[in-house]
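J.: Sharing a structure here in structure tokens format.
We did not get these values from a lab; they are worked out from the coordinates using the rules stated. Here the structure is a predicted model, which means the values were calculated and not measured. Cβ atoms come from the backbone with ideal geometry, glycine included; neighbour counts cover every protein chain shown.
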């Protein structure tokens, strides 16, 4: 399989009150896994150096390449879990909160400071071949199991238990689908999932009162 081309622009989420991402050029030394969303990077932001998270890899940005600052360093050999990023995007949209600040609050303190990840085993659930083949009407008497099956169908590589339980599904429902041969459990040796993506502080009831203003780029 040919190698993926090196992106010319990295769109980085940075902890700030702004509802936008920031474009940077990749550093000369690429991470072992190649540039991809979910990698923590150290970048220059104003007069400070901050830790941000790559959200997208693009061929072009809003500014000419010559005007973009380079990433100072990539802090990870492997990206943060995809399902964690998805959950933080959902949280940022729901609470109308900047994605960069949402990601920052969800990271453990040491990871916010640029410390290294420690490998561990995490639990992941994915559809079996029978689960992929099952129709939308396969579970007429178990609507919550059917909803869980449909959510997993949207994530071909599966979802971690943390992301599934955060959507108000239960382990009993996972076990029931497993017993029916529709879902299977996997153990991945990977970086630990960051801290639970909590609602941003100081924004109670924000979702119930939509406001005008810039749309969070985490929704893209």
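J.: Hey, how many Å between the Cα centroid of the range 67-94 and the Cα centroid of the range 130-191?
T.: That distance is 25 Å.
J.: Sort 45, 169 by Cβ crowding within 10 Å, fewest neighbours at the top. Spell out each step's value before the answer.
T.: On the way: 45 18, 169 21.
In increasing order of surrounding Cβ atoms, one gets 45, 169.
J.: As a test, work out the antiparallel percent of DSSP beta bridges whose residues both lie in the range 9-117, rounded to the nearest 5. All intermediate terms of the calculation are to be shown ahead of the outcome.
T.: Numbers: 16 of 17 bridges.
In the range 9-117, DSSP labels about 95 percent of beta bridges as antiparallel.
J.: For 58, 74, 88, what's the fewest-to-most ordering of other Cβ within 10 Å of each Cβ?
T.: Fewest to most other Cβ atoms nearby, the residues stand as 58, 74, 88.
J.: Quick one: length gained pulling residue 30 to residue 170 fully straight, 0.36 nm per residue minus the C-alpha distance? Spell out each step's value before the answer.
T.: Numbers: separation 140, 0.36 × 140 = 50.40 nm, distance 3.97 nm.
Once the chain is fully extended between residue 30 and residue 170, it gains 46.4 nm.
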